[in-house]
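For reference, the structure discussed in these notes is given below.
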Amino acid sequence: MVEQTFIMIKPDGVQRGLIAEIISRFEKKGFTLRAMRLMTVDKSFAETHYQDLSSKPFFAGLVSYIMSGPVVAMVWEGKNVIATGRLLIGATNPAQSAPGTIRGDLAIDIGRNVIHGSDSAESAKAEINLWFPEGDKMSDSMRDVRSIPYIA
Ligand code: IDP
Ligand code: MG
């Protein structure tokens, strides 16, 4: 099933220069980038994104981490991209993420695990709406650009 997921390179991934490496893994797998924005979020935005974890003891630290610098927010599209994207990302705790996964190869600490990916169809929809409230406008313009034939 062709679907969309929300993927975010977290501040540690941006600071460590891993943007191209992470995007490359999704591109090489065959998924299609539909929207992308470099942005810094405030406290209420970070709290909304992680609202399901608000009762966890690490919630305040998690919110400060996500606010600590720019993140790369993206929408990726493709067959089963929600579940397969999670496989590319690897387990939440990099100590348990398999080698070959993004976290398995690029991270050590659970509190600095470089990337976020939606975990279900429901969260993908909610997260895409939160991060890209302009809706399909950006992906439509990308589609338009690619459909214009290049004439020298
Ligand atoms: P996920 O990112 O693999 O979906 P979630 O359980 O949704 O994992 O947790 C969201 C994020 O919260 C994790 O990616 C990680 O950054 C952070 N986190 C999760 N569990 C812990 C913990 O036990 N200590 C510190 N941070 C945590
Ligand atoms: Mg999660």
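The values are calculated or read from the model by the stated rules, or taken from the named source; none is laboratory data. If you're wondering where the values come from, they're calculated on a predicted model, not measured in any experiment. Please note: Cβ atoms are built from the backbone with ideal geometry, for glycine as well, and neighbour counts cover all protein chains shown. Note: accessible area is taken over every heavy atom of the protein model, side chains too, but ligands, DNA and RNA are not part of it. Shrake-Rupley method; radii C 1.70, N 1.55, O 1.52, S 1.80 Å.
Inside region 2-66, counting only helices (runs of 4 or more DSSP H) that do not spill past its ends, which hold 1 or more residues that are within 11 Å of ligand 1 (Cβ to nearest atom)?
In region 2-66, 11-15, 43-49 are the helices (runs of 4 or more DSSP H) which contain 1 or more residues that are within 11 Å of ligand 1 (Cβ to nearest atom).
Can you confirm whether Lys56 is over 15 Å from Ile9 (Cα atoms) and modelled with pLDDT of 95 or more?
In short, yes.
Return a yes/no flag: does region 7-16 have any residue that is within 17 Å of Asn113 (Cβ to Cβ) and small (Gly, Ala, Ser).
Taking every residue of region 7-16 in turn, at least one turns out to be within 17 Å of Asn113 (Cβ to Cβ) and small (Gly, Ala, Ser).
Residue under question is Met1, and the condition is that it be at pLDDT below 95 and open to solvent by 20 Å² or more (accessible area, probe 1.4 Å); does it hold?
yes
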